[in-house]
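Single-structure report; data block below.
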């Protein structure tokens, strides 16, 4: 053929390739060359980079080991002298992207002190980095890559929204500070009340808080000083927290709160001299043990009394409206409100509070918040140096960032809106069209499909939660082992949850009246139909609607959909807005939903609101989203809140967990820690709290 | 241009605008959720929700609401953002300059480059170079803008470190004056180039095709026969006639540029209306979404109108039809 082609070409007097063939070949060669160049380029750099990273890790490990033993970081000579660094460990001078190791070896063969490496791994408390002693790096603006855009809500006392807390919590303080494990220390309360110091009396029903003095609000001036006082505390609880904060209002009933008139006469406030400080006494109707876990800045940020903004609509009965409370911008925190939409539209800025009551803090001059709608853009911004800190390192990028010594990461169980969060699939236990009143008054689940506990159990068995975690969160987190987050007091991780088992799920569904002929519904083949179902006609397909309220669950819902299809359940997904979900919850017009519930530091704080029947919402807030009502569970919570003895209290929470594992109002999917990322030259972050930058600083 | 043509053209816009207004009104009321509840907030009591409902005019009959909605649009009132509790027009106005800067730059770049390349290729109908440019144009038109954007960020910003990866300005520097202009320009380069790439291809091909078509005409051959240089013939005779379809294409691309900027603004985190649309979608802020829909639709209508008028001004045959 070639010969014929050649004769043909010779016959016509033309030889060689045509222009098109040449162009195609050139393009292909160009693509191949590009692939090779991009693959090969940087090999040398990568080698050097790997060696640098190895040395950096060695130095970091030595520093952390020294810190663990002596409680402080040391210079390199000291590390070597103390045996934390071996001689000849390092292989040469190296500089990379602002982090520099200048190496040298002394006569003894040990590394000398000529290091200038900066590292701030996991918020090490040595500003400026390990290996360097001296003064704190003061000043500068920390640029934060936010996950959510800002909105009108700047008051963290009136909202549990993660975005609101991530943006603005640095403007406020709570009464009691909690560390990552939930251990209390004084904040605006000068002393943590205990039984021993007389701050807790009446078996835990009365709490007396002595307030710190000379704490000034952000709007305080020399001419007109405005001090934080007891009246502010009472006002904040009465007008804002007990009405509007989804978790803090869980204490409202026990505090005897009059919600119609937003009054809490059981809170007695006595200002100190000059309306400065004072004492506040909380008189609960019965012992309320978790109170100290609900007084930090995330659960009980303090507002100035009468701080009612001019927002619309206005409040009634002397109570500020949601809109009015949301717009408050005055706090006592380390930073104060500066501006929004500057330097770019959508940005927000807070500046250093020069009168902050913690002397010497904060170190930073300002924090600038910049929202990123795309995870990739946020990550690129961090890696490229456009931002210094991100709240959420995208799960696929965590490992790469951890391996890069120019950056630090810190995992925490605390999301912006609250700690110890768990993804939970909600089973709507009440029929569509039920009004909230009937949900609150009824007791028996009457949802035609999900009212049967075996169907709920089958769904739980059908979901592969390992896949849910790996596909939905790139493996960041852990599969739930109990109805309460494993990080929270009272978690009973030895009560077995339904394990992934397709055969068990099928068996349960067969027995629940769903063993009719299979049909195709939409794009889902092999869907079960009813046969002998107690309420539904034979042939009714097993369709369970999933209401998706937020785009972050898309990947995870795909896993659930596929898992349920494998056992013959059709699961159409309706994407809806949070605000529309409010209306839907009021009418209970959904079958399945999913919420990432923050469990808080105590079961009473964030867990009770999911199960207690008095939390079934009348305004559509998805507390007790399942519409679950079990008097025995209510009793467990009601008794546990009054039980001082931790063993007895844990037993009550164990009993509640056993009951809900039997009743299955929810399917507990995964616990969702969050990974913060930051430049390694910035240190001092307290990533478990919204006051994350109170003691942070950035060198260079 | 005759006055009758202008008036006729303007009158044609009226039913289009009315249709857009009606459609957005229907979409506003068909959107899920209760706007009064959304506006008042989750913790609002019934009295506050009712007050919000009255404030938003939702307690009136539908025809009355429509009349009010249309009348408000005439004054630029696009409603109130649920999440930001500010007028939608203010929310959009905060972001619009950034998008206009981006799309305007992309349009200018793509027009200049498209025309230049089109004229160059039109004068060289055959040849390896012209063919290569043609193939490159097809490629650039085919490649998705968001993919190009990601590639640009990875190569130019992250690997080479030549330009910033995100944003409109350096958040830390606090530049003012000339320094701020330079800073913004540096941030503008990558997203504007990415947005311009696919537009260059279209304009190149339209210009080239138009020029090749005109060069085949008798008047061009006549001019050449009379001794005019090729360059002069192209510049004075062929090109002005070849530009007519280019005018149409440029005008029609304005609307696409704004919508295409959504993806580019997201990748580069550019603080324009495209990113605002994504944020509003994530937050369920229907007034902002619909305000954007209305704005883009009206922009396309106005742009088409201007294009038609310019076209008629350039080509007298149009306005005398």
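The values are calculated or read from the model by the stated rules, or taken from the named source; none is laboratory data. Keep in mind that this is a model prediction, so the values were computed, not measured. Cβ placement follows ideal geometry from the backbone for every residue including glycine, while neighbour counts extend to all protein chains displayed.
Of the helices (runs of 4 or more DSSP H) lying entirely inside region A:574-687, the ones with 3 or more residues being away from every other protein chain (no Cβ under 14 Å) and modelled with pLDDT of 90 or more are found at A:608-611, A:631-640, A:646-663.
When residue A:174 is tested against the conditions (1) modelled with pLDDT under 95; (2) part of a loop (DSSP other than H, G, I, E, B), the lone failure is (1). When restricted to residues that are within 16 Å of residue A:369 (Cα to Cα) and surrounded by fewer than 23 Cβ atoms within 10 Å (Cβ to Cβ), region A:661-678 contains 1. Among the helices (runs of 4 or more DSSP H) confined to region B:154-250, the ones with at least 3 residues that are within 30 Å of residue A:390 (Cβ to Cβ) are located at B:177-215.
How many of the residues in region A:180-203 are under 30 Å from the mean Cα position of the chain (by Cα) and either part of a loop (DSSP other than H, G, I, E, B) or farther than 21 Å from residue A:297 by Cβ (or both)?
The initial filter retains those residues of region A:180-203 that are under 30 Å from the mean Cα position of the chain (by Cα), namely A:180-194.
With either part of a loop (DSSP other than H, G, I, E, B) or farther than 21 Å from residue A:297 by Cβ (or both) added as a condition, the list becomes A:180-183, A:187-188, A:190-194.
Here the count works out to 11.
For residues that are within 14 Å of chain A (Cβ to nearest Cβ) and either in contact with a strand residue (DSSP E or B) (Cβ under 9 Å, 6 or more places away or on another chain) or not in a loop (DSSP other than H, G, I, E, B) (or both), tally how many sit in region B:254-291. Number satisfying all stated conditions: 26.
Could you tell me whether region B:186-207 includes any residue that is within 13 Å of another protein chain (Cβ to nearest Cβ) and over 19 Å from the mean Cα position of the chain (by Cα)? Yes: one or more hits.
Annotation for region A:312-327: at least one member residue is under 26 Å from the mean Cα position of the chain (by Cα) and either away from chain B (no Cβ under 11 Å) or under 23 Å from residue A:693 (Cα atoms) (or both).
Considering the conditions (1) touching a residue at least 60 places away in the same chain (Cβ under 8 Å); (2) farther than 20 Å from residue A:411 by Cβ, residue A:686 is excluded by exactly one of them, (2). With the condition kept exactly as written, say whether any residue in region A:354-361 is without any contact (Cβ under 8 Å) to a residue 24 or more places away in the chain and at the interface with another protein chain (Cβ under 9 Å from one of its Cβ atoms). Looking through region A:354-361, none of the residues is without any contact (Cβ under 8 Å) to a residue 24 or more places away in the chain and at the interface with another protein chain (Cβ under 9 Å from one of its Cβ atoms). Filtered by the rule that a residue be free of Cβ contacts under 8 Å to residues at least 60 places away in the same chain and out of contact with any helix residue (DSSP H, G or I) (no Cβ under 8 Å at 6 or more places or on another chain), region A:238-267 gives A:238, A:256, A:258, A:260, A:261, A:265, A:266.
Only one entry of B:111, B:80, B:99 meets the criterion of being touching a strand residue (DSSP E or B) at 6+ places or on another chain (Cβ under 7 Å) and crowded, with 18+ Cβ neighbours inside 10 Å, and that entry is B:80. Only one of the numbered conditions (1) surrounded by 14 or more Cβ atoms within 10 Å (Cβ to Cβ); (2) within 28 Å of residue B:282 (Cβ to Cβ) is violated by residue B:16, and that is (2).
Quick grid of which residues meet (1) within 30 Å of residue B:20 (Cβ to Cβ); (2) modelled with pLDDT under 80:
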residue	(1), (2)
B:225	no, no
B:232	no, yes
B:239	no, yes
B:257	yes, yes
B:283	yes, yes
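Based on this model, can you work out whether residue B:128 counts as facing another protein chain (nearest Cβ under 9 Å), surrounded by fewer than 17 Cβ atoms within 10 Å (Cβ to Cβ) and in contact with a helix residue (DSSP H, G or I) (Cβ under 8 Å, 6 or more places away or on another chain)? Yes, satisfied.
When region B:169-220 is filtered for residues that are surrounded by 24 or more Cβ atoms within 10 Å (Cβ to Cβ) and free of Cβ contacts under 8 Å to residues at least 24 places away in the same chain, only B:171 remains. Tell me, yes or no, whether region A:385-393 has at least one residue that is farther than 30 Å from residue B:184 by Cα, surrounded by fewer than 24 Cβ atoms within 10 Å (Cβ to Cβ), at pLDDT 85 or above and out of contact with any strand residue (DSSP E or B) (no Cβ under 7 Å at 6 or more places or on another chain). No, because not a single residue in region A:385-393 is farther than 30 Å from residue B:184 by Cα, surrounded by fewer than 24 Cβ atoms within 10 Å (Cβ to Cβ), at pLDDT 85 or above and out of contact with any strand residue (DSSP E or B) (no Cβ under 7 Å at 6 or more places or on another chain).
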